Amino acid sequence: MLFQKFKKYYLLPLFLTCSLTYAASEEIQVYSDDKEDAGHASLDLHNNYVTSGRSTPQYIGEQAPDHVYRLTPEFNLGLSDTLELGIYALSTRATNGDWNGDGYKVRLKYIAPHPTRGAYWGLNFEVGQQKIAVAPYPNTAELKAILGWNFDKWSIAVNLNSDGSFNSGSGPVTEDIDFKINYKVAEKTQIGIESYNELGPYNHINSISSNTKTIYAVVDTEVLGHELNAGIGHGMYDQADQWIVKFIVNQRFW
C-alpha cells in the first residue's frame with residue numbers, strides 16, 4: 001500500500017516529464033541574432049495550427065492538439081544594444097470554436113556584440129504561467145543558449161533549451177535542441193529548414209535517433225513591409241503532431 005502511494009504521488013511527475021510529447025508550442029521559432037534596437041518596439045503575431053495531430057489527452061485537463069489553432073501576440077522592446085524584453089499573451093481556439101486565454105510569459109534576451117558576418121552567441125531567460133490545458137505544470141521557466149553563424153548566403157542558428165517548472169513535484173529539467181539553416185535567394189527572402197528535437201530529462205538524455213522531432217520547411221521574407229516567417233512542419237515519429245502550419249508576422253512600431 002505504501003509503495004502504491006509512492007508511485008502515485010512521486011513517480012507520476014517523473015513519468016509525465018519523461019513520456020509526454022507536448023503539442024505545438026505557442027512559439028515555434030529558432031532564435032538567432034535578431035533583436036530590437038535600444039528604444040525600439042515591435043509586435044510579433046505567432047500563429048500555428050495542427051492539421052493532423054494527437055486527438056487523445058495525455059494528462060487530465062489537457063486540450064489535445066489535433067485541429068487546435070494557437071495565436072500568441074508577443075510585444076518586443078529593445079532595452080539596450082544587447083538586451084531585449086519580450087511579453088507574450090497565450091491563447092488557443094479549440095476545435096469547438098471557443099477561444100481560451102492560456103496564460104502569459106515574460107523573457108529577457110541577450111545578444112552579445114558581434115560583426116555582421118561570422119559567429120555570434122546569446123542567452124534568453126523566460127518565465128511564465130500557463131493553464132493546465134496547454135501545459136501539465138502551470139509555472140514554467142526556460143533558459144535558452146543561442147549560437148549562430150552568418151555567411152554571405154547561408155545562415156545557421158542553434159538553440160539549446162533547458163525547461164523546468166517552479167511547481168512542487170514537477171520532475172527534472174528537460175532538454176531540447178533546435179536548429180535552423182537558411183539560404184538567401186533574394187534581397188529580402190530566405191528559404192530553409194527548422195528542426196525541433198526533444199531530448200528528455202537532463203540526467204537521462206535520449207539518443208538523437210530516438211528523440212521526438214519535428215522538421216519544418218520555411219521561408220523568411222517581407223510582405224507589405226512586414227517581416228514574415230512561414231512554414232509547414234511534419235512530426236518524424238508517431239508521438240509528435242504529424243502536420244503543423246505556422247507563420248509569424250512582425251509589425252514594428254518605432
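Observations on the structure shown:
- When residues of segment 204-254 are limited to those that are small (Gly, Ala, Ser), more than 23 Å from Leu43 (Cα to Cα) and not in a loop (DSSP other than H, G, I, E, B), the one modelled with the lowest pLDDT: Gly235
- Single residue of segment 103-117 satisfying the filter (at pLDDT 95 or above and of a type in the set (Val, Ile, Thr)) that is surrounded by the most Cβ atoms within 10 Å (Cβ to Cβ): Ile111
- Pick from segment 164-181, criterion over 18 Å from the mean Cα position of the chain (by Cα) and not hydrophobic (A, V, I, L, M, F, W, C), ranking: surrounded by the most Cβ atoms within 10 Å (Cβ to Cβ): Gly171
- Failed item, numbered, when Tyr120 is tested on (1) over 13 Å from Asp33 (Cα atoms); (2) surrounded by 15 or more Cβ atoms within 10 Å (Cβ to Cβ); (3) aromatic (Phe, Trp, Tyr); (4) at pLDDT 95 or above: (1)
- Residues that are within 13 Å of Lys131 (Cβ to Cβ) and among the aliphatic types (A, V, I, L, M), drawn from segment 69-114: Ala89, Leu90, Ala94
- Residue pairs whose Cβ atoms lie under 8 Å apart, separated by 6 or more positions or on different chains, with the first residue in segment 95-115 and touching a residue at least 12 places away in the same chain (Cβ under 8 Å) and closer than 29 Å to Gln63 by Cβ and the second charged (D, E, K, R) and outside any strand (DSSP E or B), are Thr95/Asp66; Asn100/Lys131; Gly101/Lys131; Asp102/Glu26; Asp102/Lys131; Gly103/Lys131; Lys105/Glu26; Lys109/Lys35.
- Beta carbons closer than 6 Å, at least 6 apart along the sequence or on distinct chains, pair a first residue in segment 229-250 that is farther than 24 Å from Ser32 by Cα and surrounded by fewer than 16 Cβ atoms within 10 Å (Cβ to Cβ) with a second that is polar (S, T, N, Q) and at pLDDT 95 or above for Trp243/Thr51.
- Taking segment 35-56 as the range and being out of contact with any Gly (no Cβ under 9 Å at 6 or more places or on another chain), part of a loop (DSSP other than H, G, I, E, B) and surrounded by fewer than 17 Cβ atoms within 10 Å (Cβ to Cβ) as the test, the residues that pass are Ser55, Thr56.
- Restricted to segment 75-178, the set of strands (runs of 3 or more DSSP E) holding at least 2 residues that are of a type in the set (Ser, Thr, Tyr) comprises 83-93, 99-111, 154-165.
- Asp81 being surrounded by 16 or more Cβ atoms within 10 Å (Cβ to Cβ), farther than 24 Å from Phe179 by Cβ, charged (D, E, K, R) and in contact (Cβ under 8 Å) with a residue 12 or more places away in the chain: no
- Number of residues in segment 125-157 that are crowded, with 19+ Cβ neighbours inside 10 Å and among the β-branched types (Val, Ile, Thr): the value is 3.
- Number of the condition not met by Ser25 [criteria: (1) surrounded by fewer than 20 Cβ atoms within 10 Å (Cβ to Cβ); (2) within 18 Å of Val127 (Cα to Cα); (3) modelled with pLDDT of 95 or more]: (3)
The values are calculated or read from the model by the stated rules, or taken from the named source; none is laboratory data. This one's a predicted model, so the numbers in the text were calculated from it and none came from an experiment. Cβ atoms come from the backbone with ideal geometry, glycine included; neighbour counts cover every protein chain shown.
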